[in-house]
Amino acid sequence: MISRCLASRHERFDRLSANGAWHIVLSPGRALVNPCDTQLSLTLFRIIMNLRLIKTSAPALGGLIAALIATLGFASGVHAQQSFSAIVDGTPWESDNAGINVIPVPMRGTVTIIATSKAFSAYPPPKGFPDSFSIVCPMPKKPERMTTARGSSEVCRVSFTKSARNIMSPDWAKTKNEGEFVTLGRAGDKGYVNFTKVSGKTIEGEFSVELTEETTKKKIAVNGKFVGIDRQVGSNGFN
């Protein structure tokens, strides 16, 4: 199904960000993954779904996309376990090893951690839609606590999407998600991302933030922790 869409049939995907600054295209006739490798196809599909959470310029995103494709080439050979869990507005939320991607981008000096709901990387996926987290921070070289407050030299952005749509649906663009929650990055914001371990390609940490829904302005408290691994081919890791 998804494997055929992404590989065998070489379908074309366009996805504009909220500010219309970039798009991703899988051109006809050029498969990025082996059509027989369903897991890698699902990984690419999951990343495309969540890239919209990262608001960045087109040139900078080019390096990120290259890093993501490199990650795909190495993903099947990595067996170390990752984890990502959180309490979202009082409700437990969890991802799993296959649902987490850690993408350092040295050219920008940032690291992005993307996590989708547990079990949605499997095939067939469960019914419903995968929710997702995105954490974007300056790339740490050692254990370090960073804030989400504007004015700091080390500012992180945290997003959570409560999904209500399927990117494969023809009505995807017309269907709104249940919630798009983000850190506002205001001066005095007490939110933080605390990297407790930065060693080689492994990064661990915890975070506590207040997120605001972009349309309704509803505020929710989120606390979580994660263990992630940089799985890019040729990457030097974090230190």
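Would you tally the residues in the range 151-161 being modelled with pLDDT under 90 and under 25 Å from Ala221 (Cβ atoms)? Adding up the residues that qualify gives 3. Of all residues in the range 117-133, those that are touching a Phe, Trp or Tyr at 6+ places or on another chain (Cβ under 8 Å) and open to solvent by less than 10 Å² (accessible area, probe 1.4 Å) total 2.
Only a single criterion out of (1) open to solvent by 70 Å² or more (accessible area, probe 1.4 Å); (2) of a type outside the set (D, E, K, R); (3) outside any strand (DSSP E or B); (4) more than 19 Å from Ser95 (Cα to Cα) is not satisfied by Thr196, namely (3). With the condition kept exactly as written, say whether any residue in the range 81-94 is open to solvent by 30 Å² or more (accessible area, probe 1.4 Å), at pLDDT below 95 and closer than 21 Å to Val198 by Cα. Taking every residue of the range 81-94 in turn, at least one turns out to be open to solvent by 30 Å² or more (accessible area, probe 1.4 Å), at pLDDT below 95 and closer than 21 Å to Val198 by Cα.
Scanning the range 207-239 for residues that are over 16 Å from the mean Cα position of the chain (by Cα) and among the acidic types (Asp, Glu) yields Glu210, Glu213, Glu214.
In the range 134-147, of all residues being hydrophobic (A, V, I, L, M, F, W, C) and open to solvent by 10 Å² or more (accessible area, probe 1.4 Å), the one that is nearest to the chain's Cα centre (by Cα) corresponds to Val136. Take the conditions (1) in contact with a Gly (Cβ under 6 Å, 6 or more places away or on another chain); (2) modelled with pLDDT under 95; (3) open to solvent by less than 70 Å² (accessible area, probe 1.4 Å); (4) not aromatic (Phe, Trp, Tyr); Asn166 misses just one of them, which is (1).
Regarding the range 214-234, can at least one residue be identified that is open to solvent by 60 Å² or more (accessible area, probe 1.4 Å), farther than 22 Å from Thr91 by Cβ and in contact with a Gly (Cβ under 9 Å, 6 or more places away or on another chain)? Yes, the range 214-234 contains a residue that is open to solvent by 60 Å² or more (accessible area, probe 1.4 Å), farther than 22 Å from Thr91 by Cβ and in contact with a Gly (Cβ under 9 Å, 6 or more places away or on another chain). Scanning the range 127-150 for residues that are in a loop (DSSP other than H, G, I, E, B) and charged (D, E, K, R), which turns out modelled with the lowest pLDDT? So, considering only residues that are in a loop (DSSP other than H, G, I, E, B) and charged (D, E, K, R), the one modelled with the lowest pLDDT is Lys127.
The values are calculated or read from the model by the stated rules, or taken from the named source; none is laboratory data. Predicted, not measured: the structure shown is a model, and the values here were computed from it. Glycine also receives a Cβ, built like all others from the backbone with ideal geometry; neighbour counts cover every protein chain displayed. Quick note on the areas: whole protein, heavy atoms, side chains included, nothing else; ligands and nucleic acids left out. Shrake-Rupley method; radii C 1.70, N 1.55, O 1.52, S 1.80 Å.
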